[in-house]
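Participant: Input: one structure, supplied below.
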Amino acid sequence: MSVAPPVRSLMLFAVAAGVGALVGACGGNGGESADATVVEPRLLQTETGERIFAGTLVNQGSAPIGIAEVEVALYDDQGSRIETMRIQVQDVSPGDSATFNQTVDSNRPIQQAQVQNILSP
């Protein structure tokens, strides 16, 4: 499920105003499939403490992506994987991209996030 546009606006405001803190994010080859990849993955924290994972799904294939799930691993400050979340991205035409973001629904001390996989039926 994607976060509603007002949360996206809040996230962009937080970054632009300097009130959001970059907590940490890593990308890598684990976040790529044959037809799609995630660029600019990032874990953000707003001034109210809300954590948001955001990125852009790029469709590199020749067929549309009706729905994809971006699987994100969440890590603590010791680098131990403590949770996994999935973010749905819908309707991405060939050669196009779609930005996404979702609130991290966890009370655990998450310091890093990394795209692990892009799942598509």
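The values are calculated or read from the model by the stated rules, or taken from the named source; none is laboratory data. Small disclaimer: the values here were computed from a predicted structure and weren't measured. In this analysis, Cβ positions are derived from the backbone assuming ideal geometry, glycine residues included, and neighbour counts consider all displayed protein chains. Protein only, heavy atoms only, side chains kept; ligands, DNA and RNA dropped before computing areas. Shrake-Rupley method; radii C 1.70, N 1.55, O 1.52, S 1.80 Å.
Participant: Amide H to amide H, which residues 5 or more places from Asp35 or on other chains are under 5 Å from it, using H placed in the peptide plane?
Facilitator: none
Participant: For segment 62-79, what does the Karplus curve 6.51 cos²θ - 1.76 cosθ + 1.60, with θ = phi - 60°, yield as ³J(HN,Hα) per residue in whole Hz, taken in order and with x for Gly and Pro?
Facilitator: Once θ is set to phi - 60°, the couplings for segment 62-79 become 9, 10, x, 9, x, 8, 9, 10, 8, 8, 10, 8, 10, 10, 8, 6, 8, x Hz.
Participant: Quick one: which residues, 5+ away or cross-chain, put their amide H under 5 Å from the amide H of Gln112? H built at 1.01 Å from N.
Facilitator: Tyr75
Participant: If you don't mind, another one. From the phi angles alone, apply the Karplus equation (6.51, -1.76, 1.60; θ = phi - 60°) to segment 116-121 and give each ³J(HN,Hα) in whole Hz, x where the residue is Gly or Pro.
Facilitator: 9, 7, 10, 9, 9, x
Participant: Tell me the carbon and sulfur percent of the accessible area for segment 64-121, rounded to whole percent, probe radius 1.4 Å.
Facilitator: 37 percent
Participant: A follow-up question, please. Sorting check: for 74-84, 35-45, which peptide has the highest mean count of neighbouring beta carbons within 10 Å, and how do the rest follow?
Facilitator: 35-45, 74-84
Participant: A further question follows. With θ set to phi - 60° and the Karplus curve 6.51 cos²θ - 1.76 cosθ + 1.60, what are the ³J(HN,Hα) couplings of segment 82-88 in order, to the nearest whole Hz, using x for Gly and Pro?
Facilitator: For segment 82-88, the Karplus curve yields 10, 7, 9, 10, 10, 10, 8 Hz.
Participant: Highest first, please rank the peptides 46-54, 113-121, 60-68 by the mean number of other Cβ atoms sitting within 10 Å of their residues.
Facilitator: 113-121, 46-54, 60-68
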